[in-house]
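Notes for the one structure printed next.
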Amino acid sequence: MIKPTVRDSVKGLLFGVAMAATTGVAYGQAPTLSKEEKDHAKNVYFQRCAGCHGVLRKGATGKNLEPEWKQTAKDGKVTEGGTLKLGQSRLEKIIANGTDGGMVNFDDILSKDEIRQLATYIMLPPDTPPEWGMKDMVGSWKEIVPVAKRPTKQENKINLQNVFSVTLRDAGEVALIDGDTKKIISRVKTGYAVHISRLSASGRYVYVIGRDGLLSLIDLWLAEPAVVAEIKTGLDARSVDTSKFKGFEDKYVIAGSYWPPQYVIMDGDTLKPLKIVSTRGITVDGEYHPEPRVASIVSSQIKPEWVVNIKETGQILLVDYSDIKNLKTTTVESAKFLHDGGWDASKRYFLVAANASHKIAVVDTKEGKLAALVDTKKIPHPGRGANFVHPKYGPVWATGHLGDEVVTLIGTAPDDPKYKQYAWKVVEELKTPGAGNLFVKTHPKSKNLWVDLPQNPEKDVAESIYVYDINDLSKKPEQINVAKAAGLPESKATKRVVHPEYDEKGDEVWVSLWAGKTEPSAIVVFDDKTRKVKTVIKDPKMITPTGKFNVHNTQHDIY
Ligand code: DHE
């Protein structure tokens, strides 16, 4: 059982309800809720549960939560289940206490009444949220500073290449921090619980996508960088990227939605929506899925193409943006439940986690086909992964795991005669002190691999960062308790250490110390060589910092 230490804001990552055992709780009585209760429960479900279980509750990283479901396996075996079968009291227990299957408890953030309502709500047929088409998008689109009124050259003296765009999750903001001076340049209002920031090819524009689908375009050239355009791209979203191929720099931006399941292509400098493409369709198993959500999107530097990963179908779309009106897409079949991923060092191969299938899919973007499907330990979660040269196996890409105590290293040099036998094979698994990793990071200039474990139930582990020596990976990683090193006041609640990110030069590592919404959080900057704290960036307005995106490294896909 996962201990009841996981805080409010990480609940989004939690996995499914174990369906294995029913308790014999009587059922058959129709579940009912008043309109007010239902509306509240619906909102709680959307905020806390939909990320893993899906809006239509078909299941992905989390289990299927439909009132009744029936599945026929390839061998013809039929299985049945559903929330109705589990019943009110069993569901309340699962939501309150979590399960051995990996779902954590919600009794520390939801009231007894909310848990009761949520249990009833998931026994009712799922609500289908509205669609979000071109009219809605155009209606939500705001050009705050039109292109003609924007500067023609940089109006500030900031070293823009070393700026960090930092998600202040629960504040609905990003902080732009000067990586040289460590001063907050500005805090910018964005969508709710921003997921990622990505850069335009030129490095001038930062694109920030909120969980609520609001895409904000920040112009770094303004005297004080600010939002110059915004648009609501969907009702629930996680991904955005830009056109990076030569000749298309800063021209287009693409955003993917969880709901409605679709992606939208927009003008890069105005966010004017140009084309919406639905991702509803057939899974790799040949079944129709009504909610195939857009997970990670990356931009190729060798072709005018985006790699768009569709979670539920397991289809990887290579979308050619050279002719938007006559859009050509290559559909690469991989494995279900695609989530996050990153390029190998050559930037020809994209490695993406099919997380609940416990696999990494490798796409050869030059050939436009699947290079490999690599079996891994449970629930790989690479973020964008980490590339380095292993002393024995040559170039490798690393991913951590939410569900196992390892960092997996996969060989990535199929054309190198010395190392090609290791390509797309798990060459080594580095032991971690527990499961619950979200992000790993290194830099071409570094000999360190930084690994967080924010989802681990042990406070000391979740508050630490672990550093491996790439020259000698047989050594145990060094544990650095970041919460202690930062000197923030002790608290009973865990301050999760999350998302290591390098500065432009590759000699500093920034990690977030992610405390509760009303407690002090911080960003702790380490010297990469000595692994000692250089600076602790604190500010009363630094509320729940999570992802940090260095302009140079994000622009050039350095990780
Ligand atoms: Fe994330 C990346 C989805 C929970 C912080 N997250 C991603 C990506 C996806 C995703 C699809 C890849 C985007 C890309 O590259 O285009 N994340 C989801 C979820 O569905 C999930 C599990 C639940 C949810 O409801 O959102 C989830 N993620 C979280 C968190 O709880 C985190 C820790 C804090 C938060 O914001 O809620 C979190 N996710 C991040 C970060 C990245 C990310 C910092 C970018 C990593 C990078 O280096 O690129």
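The values are calculated or read from the model by the stated rules, or taken from the named source; none is laboratory data. Owing to the predicted nature of the structure, the values given are computational and were not obtained by experimental measurement. Cβ sites come from the backbone with ideal geometry, for glycine too, and all protein chains shown count toward neighbours. The area values use the complete protein model at the heavy-atom level, side chains included, leaving out ligands, DNA and RNA. Shrake-Rupley method; radii C 1.70, N 1.55, O 1.52, S 1.80 Å.
Can you tell me how many residues in segment 219-267 are outside any strand (DSSP E or B), among the aliphatic types (A, V, I, L, M) and under 20 Å from TYR192 (Cβ atoms)? The qualifying residues number 1.
Taking every residue in segment 272-299 that is free of Cβ contacts under 8 Å to residues at least 24 places away in the same chain and pairing it with any residue that is open to solvent by 40 Å² or more (accessible area, probe 1.4 Å) and in a strand (DSSP E or B), at least 6 positions away or on another chain, the pairs with Cβ-Cβ distances below 6 Å are TYR288/ILE282. The single condition among (1) on the phi < 0 side of the Ramachandran plot; (2) at pLDDT 95 or above; (3) open to solvent by less than 40 Å² (accessible area, probe 1.4 Å) that ALA486 does not meet is (2).
From the residues in segment 234-267 that are among the acidic types (Asp, Glu) and within 18 Å of the chain's Cα centre (by Cα), which one is farthest from GLU131 (Cα to Cα)? Filtering first and then ranking leaves ASP241.
Summed over segment 345-375, residues that are outside any strand (DSSP E or B), over 19 Å from the mean Cα position of the chain (by Cα) and hydroxyl-bearing (Ser, Thr, Tyr) total 2.
Restricting attention to segment 151-186 and to residues that are open to solvent by 40 Å² or more (accessible area, probe 1.4 Å) and among the polar types (S, T, N, Q), the residue that is nearest to the ligand (Cβ to nearest atom) turns out to be GLN161. Has segment 143-157 got at least one residue that is part of a loop (DSSP other than H, G, I, E, B) and at positive phi? Scanning segment 143-157, I find no residue that is part of a loop (DSSP other than H, G, I, E, B) and at positive phi, so the answer is no.
In segment 539-550, the residues that are over 14 Å from GLY172 (Cα atoms) reach residues that are within 8 Å of the ligand (Cβ to nearest atom) and open to solvent by less than 50 Å² (accessible area, probe 1.4 Å) with C-beta atoms within less than 9 angstrom, at least six apart or across chains, in these pairs: LYS548/THR167; LYS548/HIS499; LYS548/GLU501; PHE549/THR167; PHE549/ILE196; PHE549/ARG198; PHE549/GLU501; ASN550/GLU501. For the criterion of being within 30 Å of VAL298 (Cβ to Cβ) and open to solvent by 10 Å² or more (accessible area, probe 1.4 Å), ASP539 fails.
Residue-level analysis places GLY139 among those that are without any contact (Cβ under 8 Å) to a residue 60 or more places away in the chain and open to solvent by 20 Å² or more (accessible area, probe 1.4 Å). Restricting the first member to segment 438-460 and to residues that are under 21 Å from VAL396 (Cβ atoms) and in contact (Cβ under 8 Å) with a residue 40 or more places away in the chain, and the second to residues that are among the hydroxyl-bearing types (Ser, Thr, Tyr) and within 16 Å of the ligand (Cβ to nearest atom), the beta-carbon pairs closer than 6 Å and six or more apart or on different chains are HIS443/TYR502; LEU449/THR442. Each residue in segment 194-210 was checked for being without any contact (Cβ under 8 Å) to a residue 60 or more places away in the chain and within 16 Å of the ligand (Cβ to nearest atom), and 4 of them qualify.
Taking the residues in segment 299-331 that are open to solvent by 10 Å² or more (accessible area, probe 1.4 Å) and not in a loop (DSSP other than H, G, I, E, B) as candidates, determine which candidate is nearest to the ligand (Cβ to nearest atom). Restricting to residues being open to solvent by 10 Å² or more (accessible area, probe 1.4 Å) and not in a loop (DSSP other than H, G, I, E, B), the top hit is LEU317. Taking the criterion of being open to solvent by 10 Å² or more (accessible area, probe 1.4 Å), closer than 17 Å to PRO444 by Cα and within 14 Å of the ligand (Cβ to nearest atom), the residues of segment 384-421 that qualify are ARG384, ASN387. Of the numbered criteria (1) more than 13 Å from the ligand (Cβ to nearest atom); (2) open to solvent by 10 Å² or more (accessible area, probe 1.4 Å); (3) hydrophobic (A, V, I, L, M, F, W, C), the one ALA522 fails is (2). Listed by first and then second residue, the pairs linking a residue in segment 411-428 that is hydroxyl-bearing (Ser, Thr, Tyr) to a residue that is open to solvent by 30 Å² or more (accessible area, probe 1.4 Å), with Cβ atoms under 8 Å apart and 6 or more places separating them unless they lie on different chains, are THR412/ALA345; THR412/SER346; THR412/PRO395; THR412/TRP424; TYR419/TYR393; TYR419/PRO395; TYR422/TYR393. LEU65 meets the conditions (1) at pLDDT below 90; (2) within 28 Å of THR544 (Cβ to Cβ) in every case but one. The failed one is (1). Scanning segment 190-214 for residues that are within 24 Å of LYS153 (Cα to Cα) and assigned to a strand (DSSP E or B), we see that the one that is most open to solvent (accessible area, probe 1.4 Å) is ARG198. Looking at LYS495, LYS532, LYS548, LYS538, just one residue is of a type outside the set (A, V, I, L, M, F, W, C) and within 13 Å of the ligand (Cβ to nearest atom), and that residue is LYS548. Every condition in (1) more than 19 Å from GLN262 (Cα to Cα); (2) at pLDDT 95 or above is met by ALA356 except one, and the failing one is (2). Out of all the residues in segment 122-129, is one or more part of a helix (DSSP H, G or I) and modelled with pLDDT of 95 or more? The answer is no; no qualifying residue exists. A residue that is surrounded by fewer than 23 Cβ atoms within 10 Å (Cβ to Cβ) and under 30 Å from THR128 (Cβ atoms) can be found somewhere in segment 225-233. For segment 544-557, residues that are hydrophobic (A, V, I, L, M, F, W, C) and surrounded by fewer than 22 Cβ atoms within 10 Å (Cβ to Cβ) total 1. Looking only at segment 332-353, which residues are away from the ligand (no atom under 14 Å from the Cβ) and open to solvent by less than 50 Å² (accessible area, probe 1.4 Å)? Answer for segment 332-353, where residues must be away from the ligand (no atom under 14 Å from the Cβ) and open to solvent by less than 50 Å² (accessible area, probe 1.4 Å): VAL332, SER334, ALA335, ASP344, LYS347, ARG348, TYR349.
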